[in-house]
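First the structure, in the form of structure tokens, and then the observations on it.
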Amino acid sequence: MLPPLPRTVIIDYYDSYTNNLLILFTQLYSDSEVLRKVVVIKADKYDWPTFRREVIPNTDCVILSPGPGRPDHPADIGFALELLREHPVPILGVCLGHQALGVAFGGKIMNTPRITHGHVVRVVPVSPPLGPFASPIWPAEANSGFDAVVYNSLAIDPATVPAELQVTAWSDPQNGSEPTIQGLAHKDFPLWGVQYHPESISSTRGNSLLQAFLDKVHEFHHRPPVYPRLEKQIVSACTYRVAASAAPTRSTSPVPGLNPVREKARLQLAERRFGDLGKERKTSEIYERVVRTEQGRVGEIWLDGKSPSRPTTTSLTAPTFVITYALATRTVHLYTPANPEVPMASLVLPGGETFWSWFNAGQSALAEKVDGEAGGFRGGWVGWFTYEMKEESLAGYRRPPQAIVERVDAVWSWSDKVLERKEDGEWVARAVIADSGSPTGADMLDWLHSNGVEFGVSAASADAFIAKAEAALSSSPQPSLTTPTPAFPQFRPRIPGETHMSRIDACREAIREGESYELNQTMSFVATLPPESDKYATYLRLRRFNPAYYSTFISFPGIPTPKGRGLHVLSSSPERFLQIIGDVIEMRPIKGTARRVQPGQCVCVPGRGCGGTDKGSAACVAEAEYEDERRGKELSEDLKERAENLMIVDLIRSDLLSCCVPSTVKVPQLIALESYGVHNLVTTVRGTLAPQIGAVEAVKRCFPPGSMTGAPKLRSVQLLDDFEEHYPRGIYSGALGYISLCGSADLSVVIRTMVLEGDQLSIGAGGAITWLSEREGEWKEVLTKVQSVVGPLEGV
């Protein structure tokens, strides 16, 4: 019989998998019970005297989480050794926590004989079973062995196991290396540890282990009929709870000049469907007729989604204003059509406020005033967060000291009118109509309104836009006004390949030392685009050369940057960061890449296909198809690539648990092959947002994208900052897309994307570095990714 859920404190060592332990709890108990009784607290939230005085008397058990670093380094393990030696309540250690159990009583740490991260190994309990594996709750058939995922470079040295402890499980020698300790237990006290990760999506018997531990906790406390709730001060210290952000509460004092009646403003979401009208027309032609001729705009946006292998939705819009944010000075700038090159107004955010919280409060206030059907992009925000916005989103991140340079770290534009092409080719005109003035009710909205910004258009303006779209769709087709540029400018690496490879070596050493499981090392390639060059024509070439699900063209010619005036994004990203429809959030990380056989390419060799002598023949084409399929299959079966993907999947599950109802976080598709310009391994992770979590807040809690950092996220980001010498990644590695007025959102991970600032063109690329990475192979993968987007490179 399942015991009542005890008050459980999980101490988190800033690991990216800790929250996944909650899923094991929800496999046994309801979400409401878990939210009442289980908390995750950062390891540096309390010192030992305070934890001992305030937390221990009000908790029934403790779980020590996985994490980077070593348990014999005080900076990595905090007060865990003191806690284990005093053992006031039952304790379960996982990975780092398990190693801490060994070290607390005199054990020593060693490097594992075979460093493995994200790999499934066979774990075999000792016979007769001990510790959790001797529990009547533990399934007896699992004592012959079970599969579990390991993420460790370090382990307890078997020669140093202290007399107070006993080994409860080993890794199976059939895994291909010398066995390592996978379980420990104290001989006299309820202290257990497991080296493997029971919470991983690919581990088995995770809930059995937790149930056995909770049964031991119940026995320790003499099996009470019920456990009390956690004290409020402990609940308030929890980091995972699906609650609203702890951002400052907005001031209720009115902005001078505002009429209070404006609080009644409503926004109507209107649309007009055109049926079969214009279905045969090229999207580029309609974009040029509708968007590029629009008056009173600060830029142009084409959320293209040109994919050769699956239907996509396209959105065309000309934004009416843009806000940008600079981290260095905490300044928001507003650009409007009146003068798109000079900010109409600027605002330094107050102390304690972040752009995330300011933007989230504004968008949430807008969403409350919307009437109309939700779903998809129905007008609202289009833009991006650069990778550097991690400074305000990532718990525990500390900005390194550096010279103050005002970069453009976030850009979000507003669109009241959108022309959408649906997956079946139907055109739909959408407009945000202001029913009774422009909304206020949040600092962001009040500030924008005080500077003359209005949300929504009049019904007459919406009708005029619909008429313009209908006229374009019903008119005679005309050749495009712009032809794709014949070639991209030639890109060159910003740093030598040898420098990048030396950084790969540094990543592998950090992994060997237990500082990270995986590090996404990146670099950039640069080129010059003459000022007279047409950015739109360059994008038309990109969408033809490398079409992708998140192809995007965004152009703000007036925005100043440190590299010159004008900020333009030409993206062919295939990777979803996150999508929100209603209350469902989905993430689709890509990890694992292989080059495809290109159309018309001959891969034949003597004895196969055409033998290299009859390019384009039926035998040549058949051999190319076979080779392309073989490359995809080889990628799917590559243990290193699968491990890279699994590490990010487990990280993303943990990210979603910070904003979702715990039991709803699922993985409907695990490490599947998808083939576009290249072969990729893709996973889908999905959950249901908690009611009080808005779109911007959800993005913040998951940012930056785990596929661009590595795991654990915080320690990996800090290491990468150093390895990359604090050179800003910028838009690359960030997130780009829309946040609809109705609360829906769809953002890509910014990869395979050209960014133009002034006349300086750049594209970033990188790869996930694990212990199994080979420097030359990783460098080759970087070149493959860049060349798949821009073609031949200079200087490589």
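The values are calculated or read from the model by the stated rules, or taken from the named source; none is laboratory data. What you see is a predicted model; the values in this text were computed from it and never measured. Backbone-built Cβ (ideal geometry, glycine too); neighbour counts: all protein chains shown.
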Scope the stretch 83-103; condition on the phi > 0 side of the Ramachandran plot and surrounded by fewer than 24 Cβ atoms within 10 Å (Cβ to Cβ); matching residues: 87
Restricting attention to helices (runs of 4 or more DSSP H) lying wholly within the stretch 681-796, give those where 2 or more residues are under 19 Å from the mean Cα position of the chain (by Cα) and under 30 Å from residue 373 (Cβ atoms). 695-702
When the residues of the stretch 320-346 are narrowed to those that are of a type in the set (Gly, Ala, Ser) and free of Cβ contacts under 8 Å to residues at least 40 places away in the same chain, which ends up surrounded by the fewest Cβ atoms within 10 Å (Cβ to Cβ)? 338
Please pick out the residue among 418, 428, 432, 411 that is surrounded by fewer than 24 Cβ atoms within 10 Å (Cβ to Cβ) and part of a strand (DSSP E or B). 428
Helices (runs of 4 or more DSSP H) contained entirely in the stretch 1-85, each with at least 1 residues that are in contact with a Leu (Cβ under 9 Å, 6 or more places away or on another chain) and within 19 Å of residue 150 (Cα to Cα): 21-26
Number of the exception - residue 791 against (1) at pLDDT 95 or above; (2) touching a Phe, Trp or Tyr at 6+ places or on another chain (Cβ under 9 Å): (1)
Picking from 169, 142, 163, 185, which residue would you name as being assigned to a strand (DSSP E or B), more than 27 Å from residue 516 (Cβ to Cβ) and of a type in the set (A, V, I, L, M)? 185
With respect to residue 106, determine if the residue is surrounded by fewer than 17 Cβ atoms within 10 Å (Cβ to Cβ), on the phi > 0 side of the Ramachandran plot and in the same structural domain as residue 65 (by TED's automatic domain parsing). yes
Members of the stretch 355-392 that are at negative phi and either in a loop (DSSP other than H, G, I, E, B) or outside the structural domain of residue 329 (by TED's automatic domain parsing) (or both): 368, 369, 373, 374, 377, 378, 386
Looking at 795, 737, 758, which is the one that is of a type in the set (Gly, Ala, Ser) and surrounded by 21 or more Cβ atoms within 10 Å (Cβ to Cβ)? 737
Residues of the stretch 152-171 that turn out to be under 18 Å from residue 209 (Cα atoms), surrounded by 17 or more Cβ atoms within 10 Å (Cβ to Cβ) and either outside the structural domain of residue 123 (by TED's automatic domain parsing) or not small (Gly, Ala, Ser) (or both), as a count: 3
Might you let me know whether the stretch 180-191 holds any residue that is more than 38 Å from the chain's Cα centre (by Cα), surrounded by fewer than 17 Cβ atoms within 10 Å (Cβ to Cβ), over 30 Å from residue 684 (Cα atoms) and not hydrophobic (A, V, I, L, M, F, W, C)? yes
Given the criterion of a type in the set (S, T, N, Q), more than 30 Å from residue 716 (Cβ to Cβ) and at pLDDT 95 or above, identify the matching residue among 480, 474, 502, 458. 474
When residue 529 is run through (1) surrounded by 15 or more Cβ atoms within 10 Å (Cβ to Cβ); (2) farther than 22 Å from residue 76 by Cβ; (3) under 28 Å from the mean Cα position of the chain (by Cα), the failure sits at (3)
Taking the condition surrounded by fewer than 24 Cβ atoms within 10 Å (Cβ to Cβ) and touching a Gly at 6+ places or on another chain (Cβ under 8 Å), does residue 788 pass? yes
With a cut-off of at least 1 residues that are at positive phi and either basic (Lys, Arg) or touching a strand residue (DSSP E or B) at 6+ places or on another chain (Cβ under 6 Å) (or both), name the strands (runs of 3 or more DSSP E) lying wholly within the stretch 575-671. 590-595
The listed residue being without any contact (Cβ under 8 Å) to a residue 24 or more places away in the chain and over 20 Å from residue 655 (Cα atoms), out of 75, 100: 75
Which residue is surrounded by the fewest Cβ atoms within 10 Å (Cβ to Cβ), if the candidates are limited to the stretch 665-685 and must be modelled with pLDDT of 95 or more and touching a helix residue (DSSP H, G or I) at 6+ places or on another chain (Cβ under 8 Å)? 667
Please work out if residue 465 is farther than 26 Å from residue 538 by Cα, of a type in the set (Phe, Trp, Tyr) and at pLDDT 95 or above. yes
If we keep just the residues of the stretch 1-43 that are crowded, with 24+ Cβ neighbours inside 10 Å and acidic (Asp, Glu), which is farthest from the chain's Cα centre (by Cα)? 12
Any pair with Cβ under 8 angstrom, 6 or more apart, that starts in the stretch 497-520 at a residue that is over 19 Å from residue 795 (Cα atoms) and ends at one that is of a type in the set (Lys, Arg) and in a helix (DSSP H, G or I): 504/775; 505/775; 515/715; 516/715
Does residue 105 qualify as being of a type in the set (Phe, Trp, Tyr) and touching a Leu at 6+ places or on another chain (Cβ under 7 Å)? yes
